[in-house]
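Engineer: My structure is below; once you've seen it, I'll send some questions.
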Amino acid sequence: MKKIFGLIISLTVISAVCSGVLAYVNELTKEPIAQMLVKKTVEAAKAVLPPQTQSVDTAQFADGEEYFVGYGEAGEVVGYAVKGSDPGGYGGDIVLMVGFMSDKTTVVCYKTLAAAETPGLGMKLNTPEFAGQFAGKDGSSLSVKKDGGEIDAITSATITSRAVCGAIAAAARKLR
């Protein structure tokens with residue numbers, strides 16, 4: 001009985017120490033991780049805006065979500081960068097930063113912010129061959145050829161391809 005009581009005490013102490021260390025490391029890394037996420041988002045926004053963008057400013061939708069506005073040399077709006085997501089990816093949510101021209105519908109390009117797709121298949125959503133298909137298209141009405149659209153799906157990753165179309169459409173809806 002004493003042996004069991006001793007083991008229980010030992011395991012309780014070990015668990016408490018491990019929990020304390022994890023809480024400390026979490027607190028220590030929380031701010032740097034948040035800063036890196038902001039930096040990654042801003043860099044993605046700059047990357048997806050039209051090439052003639054000279055400066056970038058942030059704005060907010062009514063719900064408080066941030067988006068980016070790109071301005072040209074004369075101060076005119078040349079494009080927008082908006083985060084869009086779709087929960088229908090094979091590995092879960094696909095989150096993209098999508099660039100639009102000043103008309104708010106024509107896609108410039110996108111950058112992946114988060115995706116847990118199958119390596120070698122679904123992660124091909126980042127290849128120029130797949131991503132390049134979206135440039136110049138109306139972001140609000142995209143679908144894969146299998147569904148009657150004009151986007152060639154990634155071979156063996158139609159689910160991912162549909163989710164990318166959905167994330168771009170979600171971003172386009174926010175701008176309306």
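Engineer: Using a Gaussian network for the chain with springs between C-alpha atoms less than 10 Å apart, which of these wobbles most: Tyr24, Tyr67, Tyr90?
Structural biologist: Of Tyr24, Tyr67, Tyr90, the Gaussian network model singles out Tyr24 as fluctuating most.
Engineer: What does the convex hull of the alpha-carbon atoms of region 1-48 project to on average, in nm²?
Structural biologist: The directionally averaged projection comes out at 4.2 nm².
Engineer: Follow-up question, since we're still on this one. Return the calculated 222 nm mean residue ellipticity for the chain, to the nearest 500 deg cm²/dmol, obtained by summing -39500 (n - 2.57) across DSSP H runs with n ≥ 4 and dividing by the residue count.
Structural biologist: On the way: 3 runs with 69 residues, N = 176.
Calculated from helices alone, the mean residue ellipticity at 222 nm is -14000 deg cm²/dmol.
Engineer: Expressed as cubic angstrom per residue, what is the convex hull volume of the alpha carbon set of region 22-117? Can you show the working numbers first?
Structural biologist: Values: hull volume 12.1 nm³, N = 96.
Here the figure is 126 Å³ per residue.
Engineer: Moving on. For region 73-121, what is the convex hull (Cα atoms) projected area averaged across all directions, in square nanometres?
Structural biologist: On the way: hull surface 17.2 nm².
For region 73-121, averaging the hull's shadow over all directions gives 4.3 nm².
Engineer: Please determine, in degrees from 0 to 90 and to the nearest 10, the orientation of helix 2-48 with respect to the longest principal axis defined by the Cα atoms of the chain, where the helix direction is its Cα long axis.
Structural biologist: Approximately 20 degrees, to the nearest 10.
Engineer: A further question on this structure: Report the Cα centroid-to-centroid distance between region 19-38 and region 63-110 in angstrom, as an integer.
Structural biologist: The distance from the Cα centre of region 19-38 to that of region 63-110 comes to 28 Å.
Engineer: Further, regarding this structure: Taking the chain as the region of interest, what is the percent of Cα-Cα pairs per 10 angstrom bin, listed from the shortest bin to the one with the maximum distance?
Structural biologist: Percent of pairs per bin, in order: 10, 31, 26, 14, 9, 7, 4, 1, 0.
Engineer: May I ask for the angle, rounded to the nearest 10°, between helix 158-175 and the longest principal axis of the chain, with both axes built from Cα atoms and the value confined to 0 to 90°?
Structural biologist: Roughly 70 degrees between the two axes.
Engineer: Which of the aspartates and glutamates could a cross-linker bridge to Lys137, judged by Cα under 16 Å and excluding same-chain residues fewer than eight apart?
Structural biologist: Within the straight-line cut-off, Lys137 pairs with Asp103, Glu129, Glu150, Asp152.
Engineer: Provide the gained length on full extension for the span Glu73 to Cys18, in nm with one decimal, where the gain is 0.36 nm per separating residue minus the Cα-Cα distance.
Structural biologist: Details: separation 55, 0.36 × 55 = 19.80 nm, distance 5.52 nm.
My answer for the length gained is 14.3 nm.
Engineer: Compute the Cα gyration tensor for region 37-79, then decide on rounded, prolate or oblate, letting a ≥ b ≥ c be the square roots of its eigenvalues: rounded whenever a/c is under 1.5, prolate when a/b is larger than b/c in the other cases, and oblate in all that remain. Before the final figure, lay out each step's value.
Structural biologist: Numbers: a/c = 2.73, a/b = 1.37, b/c = 1.99.
The shape class here is oblate.
Engineer: At q = 0.17, 0.26 Å⁻¹, what is the base-10 log of I(q)/I(0) for region 105-176 according to the Debye formula with one equal point scatterer per Cα and no solvent? Please give it to two decimals.
Structural biologist: Calculated log10 I(q)/I(0) at the listed q: -0.56, -1.31.
Rule-based calculations on the coordinates, nothing more; no lab input. Note that this is a predicted model, so its numbers are computed, not measured.
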